Structure formats: structure tokens, C-alpha cells
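The values are calculated or read from the model by the stated rules, or taken from the named source; none is laboratory data. These figures come from a predicted structure and were not determined experimentally. For neighbour counting, all protein chains shown are included, and Cβ atoms are generated from backbone atoms with ideal geometry for every residue, glycine included. Just so you know, the surface numbers come from the protein's heavy atoms only, side chains and all, with ligands and any DNA or RNA stripped out. Shrake-Rupley method; radii C 1.70, N 1.55, O 1.52, S 1.80 Å.
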Amino acid sequence: MCLKWCPGGLKHNRVKLHKKDMNIEYYKTIASYYDIICKDLDFDLDFYKSEKVYGKNVLELTSGTGRVSIPLLEAGAKLTCIDISPEMLKILKEKITQHKYSAEVICEDVTKISLYQKFELAILPFHSFMELLGENKQLCTLSRIYRALVPGGRFLCPIHNPTVRKDSVNGCLHSIGVYSLEDGLLHVSGFEQGGHPTVDRFRFYEKFDKSGKLNSKHIVKMKFELISKDSFEEMANRVGFKIKNIYGDYERNSYSDSQSPFIIWDLVKS
Ligand SMILES: C[S@@+](CC[C@H](N)C(=O)[O-])C[C@H]1O[C@@H](n2cnc3c(N)ncnc32)[C@H](O)[C@@H]1O
């Protein structure tokens, strides 16, 4: 069943978010739930680990709570993690300490990074490049990553294939999942609308106690952008990257415009 969201519903709940801080607020609100929701999300880990990261200087952009960082540290990468959200990074730092790993963790906007150290590999996992809204921010980020690489260094940047992804940007409310908490259950649902190219994502986080009584409800909103292959390619070329490969999925199958779920860019600093 598809429930269309009525815009009046949001007004009724008095959601007021300032456009500028919307994505930062989103991660601030959901940081404590993030690992619960992403517990079994490992679809891309082998892809990054197969880069033979042992002993390599790796720059991980938008690292969040370390879903990818911890496996990379485990595989012996010398890791620098960057993320704009202090709340997400607090959790990452706790995990690094807990595992007795060592990594540089920097709270910074990826559109503004300027790093002294140079890296052999940079990654920006989980399609989060799409959270950088507008060509200006996307170009700034690509150019700063280019500068942070050694000559011959690579940048792996997966994004969604907009041709396929746009089908789920349909305003239909659906359940994301139900997760066990120590004191009850968390139910996450949501919908997405727009997509020309900015998508508005609404998520509902509802906590129930063990008797099924609703304890709390958060409505959070964030934005991301559907980025066309041509537009990404043009920006990557403009900052000096050469395209080494374009994969359509994390098994490194070749990209098909009509069918691939992802566009995974493997770029080289020439
Ligand atoms: C979907 S989460 C991905 C986290 C992690 N990479 C993973 O795979 O689980 C997106 C992350 O991007 C971060 N982010 C979004 N915009 C950013 C920006 N401009 N600069 C740095 N981090 C940003 C958010 O704070 C959030 O932690």
C-alpha cells in the first residue's frame, strides 16, 4: 500500500528546520540510532577492503560513525576520517578507542578541507557525495580531494544511478525497519519527494516501550541530489581527474545506464 504524504501534515506537526543546517541537524538527531539501523549494512565493505589498504594512507570522507572506517582499520589502513557531524564522530572516536586502533579524526566540511598530508587512496562511501548540494559544493569537494592525493592516487566515489534511483522518489510512505532497543522498539519509516535534481527525504523515528506505547517520535528531514553521469564526469574532468573505471555495482560489474543501481567512480590523479 502506498500512502501519499499530505504537505499539510507536516505543517500540522510544526517541523521547522533551517535550510542551511538541515543535513547537519538530521545527523545530530539520528546519530544515536545510526549504528542500530546500519548494523547489518555491509554491502560495500569487501569492495573497499579489496583495495589492499594494508599500510596505505587512506582518506575517508563523510566517515560518519565508522561503518567503513573500522573494517578499514582492521585491514591495516592508515586512516584519516573526515565528517561534518560532531555527534557521528563522537561515536566513531569511541569505537576507535574501544578497538585500540589509531586514526586521525577531523570534524570538517568536505567542501572546505585542506590537508597537509597526501593520500594514496580517498573514498567517499555510501553515496554521500549526493548530500553535497549543487555543482559549486561538488566541484569544491572534488578539487580538494584531487589536491589531497599523491600523483597516481585514486578516488573511489559511489553515487546512485539517478535513472534507477528516481523510481523510489515517489512520495510513498514506507517502513524502513523495526529495530530492537534495550527498552523497547524503534520503528523507522519515511518517504522521498522531488528529485529535480534535489530530493527531500522525510524520516519518522518512533520509539515504543515494551508494552507497545509510543514513547517518542522524531520527524527529520534531509536533502540529497540526483547527480547525472554526464554532470559528474564533466566535474571530475574539470578538476583534473582521469577516469580509470566506472562500475555499476559493488561486484565491479560494468555500468549500465538503464539497469545499474550505482555509478561507482574510480578516478585517478594524473
Ligand atoms: C549516510 S552517512 C554515511 C556515514 C558512513 N560513511 C557510512 O557509510 O555509514 C553520511 C555522512 O556524511 C556526513 N556529511 C554530510 N555532508 C557532509 C559534509 N559537507 N562534510 C562532511 N561530512 C558530511 C554526515 O555527517 C554523515 O555522517
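Pull out a ≥ b ≥ c, the square roots of the eigenvalues of the alpha-carbon gyration tensor of the stretch 36-144, then state rounded if a/c is under 1.5, prolate if not and a/b is larger than b/c, and oblate in the remaining case.
It comes out rounded by the Cα gyration axes.
Could you work out the relative contact order of the stretch 76-167? I mean the mean sequence separation of Cα pairs under 8 Å and 6+ apart, divided by the number of residues, in percent. The value is 29 percent. Solvent-accessible area of the chain (1.4 angstrom probe, protein heavy atoms only): carbon and sulfur portion equals 51 percent.
For the stretch 57-113, which GluC sites (Glu not before Pro) are in a loop by DSSP, counting at most 15 other Cβ atoms within 10 Å? Don't jump to the answer; show the numbers that get you there.
Numbers: sites: E60, E74, E87, E94, E104, E108; in loops: E108.
Those satisfying the criteria are E108.
Compare K221, K242, K39 in a GNM of the chain, Cα atoms joined below 10 Å, and give the one with the largest fluctuation. So, out of K221, K242, K39, the one fluctuating most is K39. Think of a 1.4 Å ball rolled over the protein heavy atoms: the stretch 195-265 then has 51 Å² of accessible area per residue.
Once C-alpha pairs closer than 8 Å and six or more residues apart are averaged by separation and normalised to the residue number of the stretch 161-262, the relative contact order reads 23 percent.
Just the accessible area per residue of the stretch 17-126, please: how many Å² with a 1.4 Å probe? Can you show the working numbers first?
On the way: 5580 Å² over 110 residues.
The answer is 51 Å² per residue.
The spread of Cα positions in the chain, taken along each principal axis and listed from longest to shortest, comes to 56, 43, 34 Å.
Efficiency by 1/(1 + (r/R0)^6): what FRET value for L185 and E251, r their Cβ-Cβ distance, R0 = 45 Å, to the nearest 0.05? Provide the component values of the computation, followed by the final result.
On the way: r = 34 Å, r/R0 = 0.75.
Calculated value: 0.85.
Give me the percent relative contact order of the chain, please, defined on Cα pairs under 8 angstrom at least 6 residues apart. Normalised by residue count, the contact order of the chain is 17 percent. When DSSP beta bridges are restricted to pairs lying wholly in the chain, around 75% turn out antiparallel.
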